[in-house]
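In what follows, a single structure is set out as structure tokens and then discussed.
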Amino acid sequence: MGLIAREIEGRGIPTLCMSSALSITRAVFPSRAVFLDFPLGHTAGKAGDPQLQRRILGEVLDAFEGIQVPGTVRELPHRWAGDDAWKDAVMRPRAESGPADERTERSATPQYQTAEDRRAAERGDCPGCVWTE
């Protein structure tokens, strides 16, 4: 989303990304973003907790107005009820006794599904690429 947000910003529409993936958000250098250390898919807070959701929304709107330096990621202070067990399940490499960590290492080099996808991106006529003109 950060890449798309940056393009939208370039066209004069202010944007802000909400993220639960700090390293990815920083890597795409969005115009402005907030980070919550919550499980993916729960960026606005826990289901059934409207007070927390309202507090987060207020902080997001404050960040939207207050972040002036492009690429700024404001880390909001909320934590997932002090329980980091969800991180062990989805964010950390498996222990020696558990399944192997089979994730692909990150790379700054673009990755393509096929050679034709690479050629289309290099030609700039990728139908699935937005705003590449």
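Search the range 81-92 for residues being among the small types (G, A, S) and not in a helix (DSSP H, G or I), and hand back the single one that is modelled with the lowest pLDDT. Lay out the reasoning, then the answer.
Taking the range 81-92 first, the residues among the small types (G, A, S) are 81-82, 85, 89.
Of the ones still in play, those that are also not in a helix (DSSP H, G or I) are 81-82.
Details: A81: 71, G82: 59.
Restricting to residues being among the small types (G, A, S) and not in a helix (DSSP H, G or I), the top hit is G82.
Anything in the range 26-53 that is among the β-branched types (V, I, T) and touching a strand residue (DSSP E or B) at 6+ places or on another chain (Cβ under 8 Å)? List them, or say none.
Quick first cut of the range 26-53, residues among the β-branched types (V, I, T) only: 28, 34, 43.
Passing the criteria: V34, T43.
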**Prompt:** So, in the range 7-22, of the ones that are in contact (Cβ under 8 Å) with a residue 24 or more places away in the chain and within 21 Å of A44 (Cα to Cα), which residue ends up nearest to the chain's Cα centre (by Cα)?
**Reply:** S19
**Complete:** Counting only helices (runs of 4 or more DSSP H) wholly inside the range 1-80, the ones holding at least 2 residues that are surrounded by 15 or more Cβ atoms within 10 Å (Cβ to Cβ) and of a type in the set (G, A, S) are 2-10
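The values are calculated or read from the model by the stated rules, or taken from the named source; none is laboratory data. Being a predicted model, the structure only gives us computed values, none of them experimental. Cβ coordinates were reconstructed from backbone atoms using ideal geometry, including for glycine residues, and neighbour counts include every protein chain displayed.
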